[in-house]
Amino acid sequence: MKASNQSMKPTASFRNNLRVFATTPCRGLSLSRWMLPSGIAASMVLLASCSVFQPVIDVVPVGSLQHGVVFYLGDIFRSRPEFTVTGVTVLEDQSDGSRRAVWIVEGAQPLRYITYGAKYPGLKESQRPLRLKRGMRYEVFVYTSTGGKSLDLFAFQIDENGNVRKVPWLRI
């Protein structure tokens, strides 16, 4: 195999050869492998700024079977009074590895929190709430029309005392 005697150095300086591209920074921004480190840093700041302008939902399950299970809706970066919830799906893990829907609501309702099984004027039940059980693991999908992240996925388990415990969503 014959080695090339060509230099691996670029023929033109990248310093004054930055490409300009137009896109909404929060949608579809892709980084080129030829960008300078300062260009990468500027892009990261630009992408991070998306979260400053758009709420990012984070749902925290709390409560118990005795007092009710509640999903608190929060914004990762700041205090937010409410999100417009467009759907909630709660799935129960089955012993055979499958999942069954135990509660599904759809529509549009501004909320700060969601109480499992509660009725909301703007949300229509397509699956009536089934009883939650001790020792079972549940996956919850909360859909919103507010902000940059329109879906939050999380899992919880009901412990032997009937209390809600957040557990990792992804099982390995």
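The values are calculated or read from the model by the stated rules, or taken from the named source; none is laboratory data. Since this is a predicted model, take the numbers as computed values, not measurements. As a convention, Cβ positions derive from the backbone with ideal geometry for all residues, glycine included, and neighbour counts pool all protein chains shown.
A compact table of results
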item: One residue from Gly74, Gly122, Gly68, Gly135 being closer than 23 Å to Val56 by Cβ, touching a residue at least 12 places away in the same chain (Cβ under 8 Å) and exposed (fewer than 15 other Cβ atoms within 10 Å of the Cβ); result: Gly122
item: Selection from segment 144-164 of residues that are in a strand (DSSP E or B) and more than 22 Å from Ser98 (Cβ to Cβ); result: Thr144, Lys149, Asp152, Asn163, Val164
item: Any hit, segment 88-95, residues being closer than 25 Å to His67 by Cβ, out of contact with any Leu (no Cβ under 7 Å at 6 or more places or on another chain) and modelled with pLDDT under 95; result: no
